[in-house]
1. Among the residues of region 159-177, write down those that are open to solvent by 30 Å² or more (accessible area, probe 1.4 Å) and in contact with a helix residue (DSSP H, G or I) (Cβ under 6 Å, 6 or more places away or on another chain).
2. Can you list the helices (runs of 4 or more DSSP H) lying wholly within region 204-273 that have 3 or more residues being open to solvent by 70 Å² or more (accessible area, probe 1.4 Å)?
3. Suppose the filter is closer than 21 Å to Cys255 by Cβ and in a loop (DSSP other than H, G, I, E, B); does Leu290 pass it?
4. If you go through region 163-189, how many residues are farther than 20 Å from Asn133 by Cβ and within 11 Å of the chain's Cα centre (by Cα)?
5. What about Asp75, is it exposed (fewer than 15 other Cβ atoms within 10 Å of the Cβ), among the charged types (D, E, K, R) and within 21 Å of His233 (Cα to Cα)?
6. Considering each residue of region 307-351, count those that are open to solvent by less than 10 Å² (accessible area, probe 1.4 Å), more than 18 Å from Pro201 (Cβ to Cβ) and assigned to a helix (DSSP H, G or I), and give that number.
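The values are calculated or read from the model by the stated rules, or taken from the named source; none is laboratory data. Computed from a predicted structure; not experimentally measured. Because the Cβ atoms are built from the backbone with ideal geometry, glycine has one as well, and the counts that use them run over all protein chains shown. To get the accessible areas, we keep the full protein, side chains included, count just its heavy atoms, and leave off ligands, DNA and RNA. Shrake-Rupley method; radii C 1.70, N 1.55, O 1.52, S 1.80 Å.
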Amino acid sequence: MHPHIAAIYNSAQKPSRLIVGLMSGTSLDGLDVALCKVSGAGLNTHIEILNFTTVEYSDDYKSKIKQVFAKRECDLELVTLLHPWVGKLHGNMVNQCLHTWQVNPASIDVIASHGQTIYHCPQSQHNHKSFTNGTLQIGDSDQIAVTTGITTIGDFRQKHIAAGGEGAPLAVYGDYLFFSSLVENRILLNMGGIANLTFLPKSGDANSVFSSDIGPGNTIMDAYVQRYFEGMHFDDGAKIAKAGKVNMPLLHALCADDFFNLSMPKTTGPEVFNLAYLKAAQALTNTLDLTHHDVMATLNAFSANVISDAIKQCAKHEENCVVYASGGGIHNPLLMEQLLTLCPEVKAFKNTQVLGIDPDAKEAVLFAILANECLAGEQQHLNNTAQGIAGVTMGKISFPD
């Protein structure tokens, strides 16, 4: 037996494993790095976050990724070069984190890497009859493994597509395995660049669980701030949006996209919801001369409306739904205030901290869960690919040598 095969076999047999979960979202703010102690598997998964940080990206990183991010046409040579470059960079960031935390790399069982999404392309979006769903993440896991000397599991989304899914959102797996409850109906809401939710009925029935993208979370707001407010990457404290007034014709136009009429589950990305989408809605409503503050107020209301509509769609079928929120959107006080107002049906709004998971770390932890399932999980008898939860093992394994 190859020693690396023996090592992962031994890891799978251990009562607990140390897994470094990595997540790099569409906001491009930084690499989330979560050192997790994971025991058990499946519905018996237990996680303790030992360390967590977000390593901020340099302006150089952001500039390079933006040249290929969510673009139908871009420089293929640059994409090819960025794939190993991002992987090596992420590997070096992991090395630095482990050094800072005084953690011996030899004690880590595996790294779980999501990679950097540069294009997400479900069939409902591309409309090419001869192709199915597609998604592309760069950041080669071989580079991470070689750079850190730690076996790395990555490229998780491709198996979901191979099984007939859309490759996103994958939050349903971690949410179902770790956050399911037999005493309350839960909605796990993640508000990153794109907002998504997972519905977890207290019945525990996997066939009733589903996860879906909702629409824009922070993606258009962040892009607008970066375009028109020099040196700013996001609307800190919603100060810009709070100083503006919602323009109702523009809000209605933004909410009129066909995506919002599709039944859940569904998936989308910044390929659709971007500054060009905003500009088209402004042109349609003759609001191109709005102040930046009014535009931001309207974009904030746009996110709140589409998120609340999705929550209400879930909550109307079940009593006493509790929403547990995570992602950058929880730090937007205006967005959270609007959600509370727009969702009177919801029993309570909380964040995942009360369930033992730092809301900023949740997505990095998700990939640690998926890596743990790849190593130690049993075959899940879930046949609900249409709902986003298929009985498949995700992740490709890269050895360090």
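1. Ala163, Gly164
2. Details: elements: 219-228, 239-242, 248-254.
Answer list for region 204-273: 248-254.
3. Working: closer than 21 Å to Cys255 by Cβ: yes; in a loop (DSSP other than H, G, I, E, B): yes.
Yes.
4. Here is the first cut: in region 163-189, the ones farther than 20 Å from Asn133 by Cβ are 174-189.
If we keep only those that are within 11 Å of the chain's Cα centre (by Cα) as well, we get 189.
Result for region 163-189: 1.
5. Working: exposed (fewer than 15 other Cβ atoms within 10 Å of the Cβ): yes; among the charged types (D, E, K, R): yes; within 21 Å of His233 (Cα to Cα): no.
No: the conditions fail for Asp75.
6. Adding up the residues that qualify gives 5.
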